[in-house]
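See below for the structure under consideration.
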Amino acid sequence: MFYILLVIAASSSLYFIVPNAIIAEETPRTFLTHTGLVIQTTGDVIDPIGYDGDALDFNPDKFMKEFDYGEVTVLDDGTVLREFYITSRDDQIMEVSPGVFYNVWTFNDSVPGPTIRATEGDLIRIHFTNEGSKAHSLHFHGIHKAEMDGVFENVGTGGTFTYEFYADPVGLHLYHCHVHPVEEHIAHGLYGAYIVDPKEPREPAEEFVFVLNGLDTDFDGENNFYAANTIPFYYQHHPIEINTNQNIRAYVVNILEFDAVNNFHLHGTLFHHYPAGTDTVPSGYNDMLTMSQGDRQILEFNYKYPGLYMFHAHNTEFSEKGWVSTFLVKENANDFDTEIEYDGII
Ligand SMILES: [Cu+2]
């Protein structure tokens, strides 16, 4: 009996501390999809024929090499301050596959949102504005104060919030909206990668970001498409060109909703990998990684032989529904002599 009273007392005090978290649930509405499915969603179903905005343009080639370092100023005590401006929206349409239009929810008009990048110890200040019709927030993984966690402080329509925290720890992290139902806010696209570089920089390499995601275009709680960087099959039709013996570093974040795990398989070579990128010594040498939602890994590899090589989900359903990509490895015309050395790990 004492324990029952304790639980009641604890949960009622929680209400006063985090009222937003309790009232954030919305009542789902029922829709009939074009495939005949009857679905329920708290999101808006936007008919592309009646949509009067511009369809979003998203370029996976540009996204995978684009890092947002923010606006930099140096404070009196020598701390580097990086300021970022992030706006959320939930009213846009993207043609995610030929003829398939999807209502994406965006950070800075993009799914994924911008890749935030800083160096260990930098002060990060994010000016967040919610231009969406629903409440949204920014929840960053990493070490920070509770009030900067973006979980209880939902930002309503037209609202703003300034998040401030130090870039800590070194690694590959992520951020996403944390407003309930979180599943829906993530499935629609409110997430991105967050990189904290060590003060002693990693070895030089060609760097790519791959955010593994999916698209539930008929709202039945299962993905119809899978991808690295949103557009199914994109890097199969647009191979990523690299050279033999060129050092490649891939920042791989799994944010896939609805499926328990995702994976990454590389053909023709093996990679050294760093879970969450938090250590400078690799954890293993493999051609296969399995990740649950929120897991991320830094991969380092190079190719010995030229040719066209796949990388894809080894879960064949995911690869056959879009999560399949390619590297086109060209014979190295230059003499790259920058092989990364690994202490004690081949
Ligand atoms: Cu949201």
Subject >> Odd one out for residue 182 among (1) of a type in the set (A, V, I, L, M, F, W, C); (2) within 11 Å of the ligand (Cβ to nearest atom); (3) at pLDDT 95 or above >> reply: (3)
Original post:
Any idea which of (1) within 12 Å of the ligand (Cβ to nearest atom); (2) within 18 Å of the chain's Cα centre (by Cα); (3) of a type in the set (A, V, I, L, M, F, W, C) is the one residue 167 doesn't satisfy?
Top reply: (1)
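Which one is modelled with the lowest pLDDT, of the residues in segment 119-150 that are among the basic types (Lys, Arg) and more than 16 Å from the ligand (Cβ to nearest atom)? Don't jump to the end; show me each part of the working.
So in segment 119-150, the residues among the basic types (Lys, Arg) come out as 125, 134, 145.
After this cut, where a residue has to be more than 16 Å from the ligand (Cβ to nearest atom) as well, the list is 125, 145.
Numbers: 125: 98, 145: 94.
In this case the residue turns out to be 145.
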Original post:
Within the bounds of segment 186-205, is there any residue that is of a type in the set (Phe, Trp, Tyr), in contact with a helix residue (DSSP H, G or I) (Cβ under 7 Å, 6 or more places away or on another chain) and at pLDDT 95 or above?
Top reply: no
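Could you grab me the full set of residues in segment 247-291 that are of a type in the set (A, V, I, L, M, F, W, C) and in a strand (DSSP E or B)? Full working, then the answer.
Pass one, segment 247-291, residues of a type in the set (A, V, I, L, M, F, W, C): 248, 250, 252-253, 255-256, 258, 260-261, 264, 266, 270-271, 276, 281, 288-289, 291.
Matches in segment 247-291: 248, 250, 252, 253, 261, 264, 266, 271, 288, 289, 291.
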**OP:** Give the number of residues within segment 150-178 that are charged (D, E, K, R) and out of contact with any Phe, Trp or Tyr (no Cβ under 8 Å at 6 or more places or on another chain).
**Re:** 2
**OP:** Working only within segment 67-111, note down all residues that are modelled with pLDDT of 95 or more and farther than 28 Å from residue 158 by Cα.
**Re:** 74, 75, 76, 77, 78, 79, 80
Original post:
Of the residues 61, 54, which single one is at pLDDT 90 or above and under 28 Å from the mean Cα position of the chain (by Cα)?
Top reply: 61
**OP:** Tell me, please, whether a residue that is farther than 29 Å from residue 249 by Cβ, out of contact with any Lys or Arg (no Cβ under 8 Å at 6 or more places or on another chain), buried (at least 21 other Cβ atoms within 10 Å of the Cβ) and not β-branched (Val, Ile, Thr) can be found in segment 69-82.
**Re:** no
Original post:
How many residues are surrounded by fewer than 18 Cβ atoms within 10 Å (Cβ to Cβ) and in contact (Cβ under 8 Å) with a residue 12 or more places away in the chain when one looks only at segment 277-292?
Top reply: 10
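Answer with yes or no whether residue 216 is more than 19 Å from the chain's Cα centre (by Cα) and modelled with pLDDT under 95.
Details: more than 19 Å from the chain's Cα centre (by Cα): no; modelled with pLDDT under 95: yes.
The answer is no for residue 216.
Quick one: how many residues across segment 187-198 are more than 16 Å from the ligand (Cβ to nearest atom) and farther than 14 Å from residue 278 by Cβ? Outline the logic, then answer.
Quick first cut of segment 187-198, residues more than 16 Å from the ligand (Cβ to nearest atom) only: 193-198.
Now restrict to residues that are farther than 14 Å from residue 278 by Cβ: 193.
Looking only at that region, the number is 1.
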Original post:
Looking at (1) in a strand (DSSP E or B); (2) under 13 Å from the mean Cα position of the chain (by Cα), can you tell me which one residue 112 breaks?
Top reply: (1)
**OP:** Specify which of the listed residues (104, 96) is within 16 Å of the ligand (Cβ to nearest atom) and not in a loop (DSSP other than H, G, I, E, B).
**Re:** 104
Original post:
Taking segment 50-72 only, how many residues are more than 16 Å from residue 193 (Cβ to Cβ) and either part of a strand (DSSP E or B) or among the basic types (Lys, Arg) (or both)?
Top reply: 3
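The values are calculated or read from the model by the stated rules, or taken from the named source; none is laboratory data. Predicted model, so just to flag it, every value in this text is computed and none were measured. Note: ideal-geometry Cβ built from the backbone for every residue, glycine included; neighbour counts use all protein chains shown.
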